[in-house]
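Worksheet: one structure, shown below.
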Amino acid sequence: MLSRLYEFMPGLNTLVNYERKWFADDMKAALSVAAVALPVAIAYAQLTGVNAAVGLYSCVLPMMVYALFGTSKQLIVGPDAATCAVIAAVVTPLAAGDSVKHWQLVMTMTAMTGFWCLIASRFKLGVLADFLSKPILMGLLNGVAITIIVGQFSKIFGFTFDERYLLERLGGAPTYLSKTHIPTLLMAILTVGVYFGMKRLKPSWPASMFAIAFGAILVWVFNLEQFDVKTIGSVAGGLPLFQTPEFSVGIIRELVMPALNLAVVSFVSMMLTARSFAAKNGYDIDADKEFRALGIANIASALSQGFAVSGADSRTAVNDANGGKTQLVSIVAAAIIAVIAIFLTAPLEFIPSAALGVVLVIASVHLLDLKAVWQLRFRDRQAFYLALTTLFAVLFIGVIPGITLAVLLGLFQFIRTVMRPTDQVLGVDSKGIIRSLDSSDKAKPVAGIFIYRFNSPLTYFNSGYFKRRLFEQYAKQKGDINCVIIDAVPCFTHLDLSVMAMLADVDVIFKKRGIRLELAGRKRQLLSWFEQAGMKSGDSGIYIRSDLYLALKMNQSKQAADDVLHMQDAEETDQGKQEQKQQVLSHSQI
């Protein structure tokens, strides 16, 4: 019973078997994580368009839930720039300026994202961690980062954007810059100075927290609001209270697909962070359980009046750098943030919006890696074009359409790989090992035998391509071919009647040319599938061997036996000719 509970809640096992020597490092890491998470959560709440307290609520329960249900010991979940940008892009037009409706739509979308994650976990779709390729994700995150940076210029320079999309905002840059509010800009400059000053003097200290605290103290001491320096305003602290939605059910339809997109992007991004830190610390994580943990964390965030969360790479890095050993870091950090959210929100109202804008820009700059995108151009042109297409899609048509396109690109990339995979002609090297024939000439073709490998599962939509490639590669072979051997392991993974029909056609074509067709590998499965498809195997159909080496050995033995028979026939023919000659000589002597 206890083992099943540990299976369902992996973090509980670590906490129950907690070792005392971990405590000091975990406490140090927890304080550092809380110090970094606090200002970031408030800034991301502003980005999402909700009250600062909502950002704090989004840290507490999700962090505690993930500590119990997650399989990563270092990962910290919480508000993330990409998820907040997505939510804001979806909810803002639907809310139409109603702040209460905006908040409730944010919570609804968060809950829907959580449910999508739970459904994915139930159907073992943790493989989606590899769905969005690295180039696509690079383009997506760079596009989101640029969008956020441009969006925060309004807070830094003290004006308001009238346009919604990036291109229109950039087009009106001269007009907007002429409206710069000098006191607000000075506050942003001071925040930048404090941030980088702290980074230089005390690199291990939470620079964002000190920069925001410095701005808040200036506002409070010098009453800067009289100079129209905007602050985040009143922060309604205390325990979160459940609210009954005040919008029509029909609006929920508008959130279904964006929530699905958000679930995929959040999960993929989280898994990149979780896997990298798990590898660094010498353990593995379970993708399906991570999907479930992310789903429960998002539902917990929605129930506590928060917004969507994901794996936070910066806070995870802080945790690891400070020696965090277990999930207790998340629990303690969440408790610290909870105390502030419930009892100490009053000082937060003095935080200047310009300071939060600076923090968001700095956080987004860390997401930017345009150099890596450009380097793809020299390593992999296809990957470069994928990253660039995703980047421009996010910039030109918006975050949500850009993410949808990124998901579709990932799907098309997968389909293209399956439909048009690589293939090889195989031979044997000097040690008798079967390997690909290539320019290295380490392997040589086997006389009279053509061995072919197709590197993708065969299904109805790539069977035609398989047939075409098989005959194209066969046509390039030199010398007489007596047998064609197909490596069945990589391509025959499931029964598909269209594939079986194609295989029967191939067998007929080869038989007309006097060539034997053999499949090597998956013998038991193939025999069963042949029986279900009504196809013949063995002497009356297609030969099925246990593996490539056995198929090659049997064919070589058969060829050797055939050669012996030919020699015997030749000897008998020669002997017959000699006897006929002797008879002729005998008759001539008579």
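The values are calculated or read from the model by the stated rules, or taken from the named source; none is laboratory data. None of the values given here were measured: they were computed from a predicted structure. Ideal geometry is used to build each Cβ from the backbone, glycine not excepted, and the neighbour counts take in all protein chains shown.
Cβ contacts < 6 Å: first residue farther than 15 Å from Tyr465 by Cβ, restricted to segment 487-500; second residue among the small types (Gly, Ala, Ser) and buried (at least 22 other Cβ atoms within 10 Å of the Cβ), any location; separation 6+ or different chain. Result?
What qualifies is Asp487/Ala520; Ala488/Ala520.
Do we find that Ala29 is more than 18 Å from Val309 (Cβ to Cβ) and in contact with an Asp or Glu (Cβ under 9 Å, 6 or more places away or on another chain) in this structure?
Criteria met by Ala29.
Would you call Ala387 more than 26 Å from Tyr165 (Cβ to Cβ) and not β-branched (Val, Ile, Thr)?
No: the conditions fail for Ala387.
Looking only at segment 163-187, how many residues end up being over 28 Å from Val90 (Cα atoms) and surrounded by 12 or more Cβ atoms within 10 Å (Cβ to Cβ)?
7
Residue-by-condition table, conditions (1) in contact (Cβ under 8 Å) with a residue 40 or more places away in the chain; (2) more than 34 Å from the chain's Cα centre (by Cα):
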residue	(1), (2)
Val418	yes, no
Thr422	no, no
Asp441	no, yes
Tyr465	yes, no
Cys483	yes, yes
Leu503	no, yes
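Is it the case that some residue within segment 287-299 is outside any helix (DSSP H, G or I), of a type in the set (Lys, Arg) and in contact with a Phe, Trp or Tyr (Cβ under 8 Å, 6 or more places away or on another chain)?
no
Considering only segment 469-490, state which residues are surrounded by fewer than 18 Cβ atoms within 10 Å (Cβ to Cβ) and of a type in the set (Gly, Ala, Ser).
Ala475, Gly479
When segment 456-468 is examined, which residues are found to be among the polar types (S, T, N, Q) and either crowded, with 17+ Cβ neighbours inside 10 Å or under 23 Å from Gly432 (Cβ atoms) (or both)?
Ser456, Asn462, Ser463, listed by residue number.
What pairs can you find where one residue is in segment 313-335 and farther than 18 Å from Pro206 by Cα and in the same structural domain as Pro203 (by TED's automatic domain parsing), the other is part of a loop (DSSP other than H, G, I, E, B) and of a type outside the set (Val, Ile, Thr), and their Cβ atoms are less than 8 Å apart, with a gap of 6+ or different chains?
Lys325/Lys73; Thr326/Tyr18; Thr326/Lys73; Gln327/Gly70; Gln327/Lys73; Leu328/Tyr18
So, of the residues in segment 50-64 that are buried (at least 24 other Cβ atoms within 10 Å of the Cβ) and under 25 Å from the mean Cα position of the chain (by Cα), which turns out to be farthest from Pro10 (Cα to Cα)?
Checking each candidate, the answer is Ser58.
All but one of (1) crowded, with 22+ Cβ neighbours inside 10 Å; (2) touching a helix residue (DSSP H, G or I) at 6+ places or on another chain (Cβ under 6 Å) hold for Val40, so report the exception by its number.
Checking Val40 against (1) crowded, with 22+ Cβ neighbours inside 10 Å; (2) touching a helix residue (DSSP H, G or I) at 6+ places or on another chain (Cβ under 6 Å), the one that fails is (2).
Within the group Leu47, Leu31, which residue is farther than 20 Å from Leu303 by Cα, surrounded by fewer than 22 Cβ atoms within 10 Å (Cβ to Cβ) and in contact (Cβ under 8 Å) with a residue 40 or more places away in the chain?
From the options Leu47, Leu31, the qualifying one is Leu31.
Are there any helices (runs of 4 or more DSSP H) wholly within segment 10-72 with 3 or more residues that are more than 24 Å from Ala236 (Cα to Cα) and in the same structural domain as Ile331 (by TED's automatic domain parsing), and if so which?
23-48, 52-69
Conditions first: (1) farther than 26 Å from Leu391 by Cβ; (2) part of a loop (DSSP other than H, G, I, E, B). Arg164 passes all but one, so which condition is the exception?
Looking at each condition in turn, Arg164 falls short on (1).
Across segment 491-504, what is the number of residues that are in a loop (DSSP other than H, G, I, E, B) and buried (at least 18 other Cβ atoms within 10 Å of the Cβ)?
So the count comes out to 3.
Would you check if there is a residue in segment 377-398 being surrounded by fewer than 17 Cβ atoms within 10 Å (Cβ to Cβ), touching a residue at least 40 places away in the same chain (Cβ under 8 Å) and not in a helix (DSSP H, G or I)?
Checked segment 377-398: at least one residue is surrounded by fewer than 17 Cβ atoms within 10 Å (Cβ to Cβ), touching a residue at least 40 places away in the same chain (Cβ under 8 Å) and not in a helix (DSSP H, G or I).
With within 21 Å of Gly55 (Cα to Cα), surrounded by fewer than 17 Cβ atoms within 10 Å (Cβ to Cβ) and touching a helix residue (DSSP H, G or I) at 6+ places or on another chain (Cβ under 8 Å) as the only criterion, which of Thr160, Thr83, Thr147, Thr92 stands out?
Of the residues listed, the single one that is within 21 Å of Gly55 (Cα to Cα), surrounded by fewer than 17 Cβ atoms within 10 Å (Cβ to Cβ) and touching a helix residue (DSSP H, G or I) at 6+ places or on another chain (Cβ under 8 Å) is Thr92.
Return yes or no: is Thr404 surrounded by fewer than 17 Cβ atoms within 10 Å (Cβ to Cβ) and either within 30 Å of Leu141 (Cα to Cα) or of a type in the set (Asp, Glu) (or both)?
The answer is no for Thr404.
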